[in-house]
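Some notes on the structure that comes next.
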Amino acid sequence: MVLYRRLLGYTRPHWRRLAIGILFGGIYAAANGGLLLFVQKGIPVFFDKAPGRSAPVVSGAAIGNPGEQGQAQAVAKAEPKPPDASVAVPAAAKLNWLRQRGAAIQEKFSTFLLNTFSPEWLIIITALLLPLIGLIRGVADYMAKYQIRWVGSHVVMELRNAIFRKLNALSLSYFVSSRTGELIARTTNDPMAVENAVSVVVEDVAKQPLTLVVAVIALVTIDPWLALISLVLFPVCILPVAVFGRRVRRFTREAQQRVADLVSVLQEMISGVRVVKAFGMEPYETGRFEEQNTAFFRRTVKVARANSAVEPIIVFISTLGVSVVLIYVWKRGMRFEDFLTYAAALYFMYEPVKRLSRIHLQIQQAVAAAERIFEVLDTPVVVEERPGAVAFQDKIHAISFENIVFSYGDGNILDGVSLEVKAGQRIAIVGGSGSGKTTMVSLLPRFYDVTGGVLKINGVDVRDMTIPSLRKVMGIVTQDTVLFNDTVANNISYGSREASREEIIAAAKQANAHQFIMEMPEQYETTVGDLGVRLSGGQKQRLAIARAMLRNPPIMILDEATSALDTESERLVQSALHALMSGRTVFAIAHRLSTIIDCDKIIVLDKGRIVESGTHDELLKLEGQYKRLYDLQFAG
C-alpha cells in the first residue's frame, strides 16, 4: 500500500477535479436511493389506481382504505416524542424513535400531496419522477467518470514524462547495463497498467460505498433481520479476493517483464534489419519473437484466470444468500412491494460489493507495474551537479588529467592517467580495443565521473561546474553516427536551434555535405528517416560533422570522425577538420594513424595507462607500441 499511496500522490495537483468527481459520485448514489424509493412508494401508485382497484397508495399507506387511512392520519397527528436526554436510553429505543419520526414525516408528505393534487396529477407527477431521477443519475455518472478518469489519464501522462526526464538525467553507465526494450516498456506500457488503479478505483471508491450505504439503509427500513442476513454475505464475498490478490500481483509483474522482453526483441530486429536479412535470420528472429509472445500470453492468461475466478465465486455466494432470503420472505409473509424494493436494494448492493471486491485485485495489478516504474524513478543519478556548482564562462586555458582512475565495477578501465593539455593543442589518442580511449574522452563532458583523481579545466574541477555550461563548450563527433527522424536542417542544427539557414548551409559546406544535400528531393527539408536510414554511411557521418561544426565549440572531441567516409570524402572532410581544429583544443581518437600524423601530441593507451607520449616522429623513434601499430597499417 506504500507504493499505491505514492501513486495517488500524483493526483494531488488535481484535487479539485477529484473533489468534483467524488461529489457527483455522491449524487449518483443519492439518485440510486431515489430509484429505490420510487420502487417502494411510486410503483404501487400506478397499480392501485388501475380500474377496479382502491385509491393510490402513497408512502406505504393504503389511502383508499378507511381503517388504514385513519391509522395513517393518527400516525401523522401523533408526533413521536424524542427520548429524554437526561435518562439513559437503550440504542434500540433511539432507533425506534428515529423510525417513527421518519414514518411521521413520510405520512405528512403523503397527506400534503393528496390534499394538493388530484389523483390524476399525482399519477403524472409520480411518472415524471422516474425520468428525472434517471437524468440526475446519468449526468452524475458521466461527470464522476469524466473528472476522475481525466485525472487518471493525466497521471499516466505525468508518469511517462517523469520516466523520460529521469532517463535523460541518468548517466551512460545506467544505459550500458539496461536493455532498450525494457526501458521502452517501462515508459509506455507500465503506466497504462497503473491507470485503472488511479481512475477506475478512485471512481469506484467515490460511487460504490455511498450506493452500498443507500442500499443497506433501504434494507434496514424494510426488515432489519433481512438486512442482517444480506450483510453477512459481504465479508464472505471478500474471501476470494484475498486469496487471489497476491497471485494477480505476482503474475502481473511477470507479464510486464514479458512485455519488456517482447519489445526488446522487436527493437533489436528493427534496428538490425539489414543484418537479419543479410544473414537470412528471419526464421530465427521470428522464433525468438513468438517464444517471448507465447510467454507473455501465458502470464496474461494466469492473470485473467485469477481475475475471472473471483466473480463466479461471489455470484454463487450471492445466489445462495438469495435462496435463504426467499425462504425467510415466505415464512414472514412479506408484501410484494416490500419484496420488490428489497430485491432492487439487493441488486444495488450487489454491484458495489462486486466492484469494491475487485479494487484489491486492481490495486495489486497496479502495484506490480508501479514497482517497475518507481525502480527507474528511484535509480540514483550518478553524474549530478554539486551544490554551488557555477557555470563555466571562461576561455579555455588548460585541461589536466591528474592521476585519473575510472572503473565500471570490474577492474579499472583507466588506471592513473595523467595528461596536461594546453589550449589549442591537438591531442590524438591511439591504442588497442578496450584500452580506454573512448572512456577517457567521455570524462570531459561528464558522461561519467572519475572514480579517482581529478579532471580540471583552467585549474577547476569539472564537477564544480554546471553540466549544461560544461557541455556547451564541447562538440562531439562519434564513430556511431546518431541522426534523428527529422529534416536534414534540423539534424545539423541539433543543439544549435537558434542557428540561421545560412549558418546551417555554411556548416554543411565545411563538412562537404552541401552537394549531396542539394541533390535530395527536398534538399535541407528532406527527412532522413529513423537513425538516418535513407542516407549512406558517409553521408550520415558528414551531417554529424556539420552538426559539430555549426556549434563552433572551443573543445572538439572526434571519436573516429572519418571512419565511415570513402577515400574522396575523407580527403575533403579531413581538410575541413584541419580548418576546424585551428585555434581549438582537440581530442581525436583514431585507428587510422594517417589522420593524426599532424597532431601536436599523440598518446598511446594500453590497459588504461599511458605507455607512450609524443609527436609522430618522436614515437616512431621510440620503436615501441606506436611504431608497431604504424608498421602494421603501412606495411607494404
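The values are calculated or read from the model by the stated rules, or taken from the named source; none is laboratory data. On a predicted model such as this, the values are computed, not experimentally measured, just so you know. Positions of Cβ are backbone-derived with ideal geometry, glycine not excepted, and every protein chain shown enters the neighbour counts. The accessibility values were calculated without ligands, DNA or RNA, using every heavy atom of the protein model including side chains. Shrake-Rupley method; radii C 1.70, N 1.55, O 1.52, S 1.80 Å.
Length gained on full extension, T286 to R165, computed as 0.36 nm times the residue gap minus the Cα-Cα distance: 40.2 nm. Rolled with a 1.4 Å probe across the full set of protein chains, the surface gives E120 an accessible area near 110 Å². For region 364-430, carbon and sulfur atoms together expose 46% of the accessible surface, with a 1.4 angstrom probe and every protein chain in place. Here the simple spin-label model places points 7 Å from the Cα toward Cβ, and for V533 and V301 these points are separated by 3.3 nm.
Accessible area of region 439-543 with a 1.4 Å probe: how many percent of it is carbon plus sulfur? The computed percentage sits at 49.
Using heavy atoms of the protein chains and a probe of 1.4 Å, the accessible area assigned to S500 is about 40 Å². Taking every protein chain into account, the 1.4 Å probe leaves R16 with about 150 Å² of accessible area, to the nearest ten.
In this calculation the C-beta distance from V324 to V213 is compared with R0 = 35 Å, giving a FRET efficiency of 0.95.
For Y146 and I124 in the same chain, what is the full-extension length gain: residue separation times 0.36 nm, less their Cα-Cα distance, in nm? Walk me through the numbers before you get to the answer.
Working: separation 22, 0.36 × 22 = 7.92 nm, distance 3.35 nm.
Extending this stretch completely gives an extra 4.6 nm.
Spin-label model, D394 to K509: label points 7 Å out along the Cα-to-beta-carbon direction sit 3.7 nm apart. Applied to region 150-167, the Karplus parametrisation 6.51 cos²θ - 1.76 cosθ + 1.60 on θ = phi - 60° returns per-residue 3J(HN,Hα) values of 4, 4, x, 5, 5, 5, 4, 4, 5, 5, 4, 4, 5, 5, 5, 4, 5, 4 Hz, with x for Gly and Pro.
Sorted on the mean count of surrounding Cβ atoms within 10 Å across their residues, most packed first, peptides 378-391, 203-216, 414-427 read 203-216, 414-427, 378-391.
Solvent exposure of region 165-219 amounts to 39 Å² per residue of accessible area, where only protein heavy atoms count and the probe is 1.4 Å. FRET efficiency for the pair S308 and D480, taken as 1/(1 + (r/R0)^6) with r the Cβ-Cβ distance and R0 = 45 Å, rounds to 0.40.
Counting 0.36 nm for each residue step from R335 to L23 and taking away their Cα separation leaves a gain of 108.8 nm.
Karplus-derived 3J(HN,Hα) values for region 499-504, using 6.51 cos²θ - 1.76 cosθ + 1.60 with θ = phi - 60°, are 5, 7, 5, 4, 5, 5 Hz; glycine and proline are entered as x.
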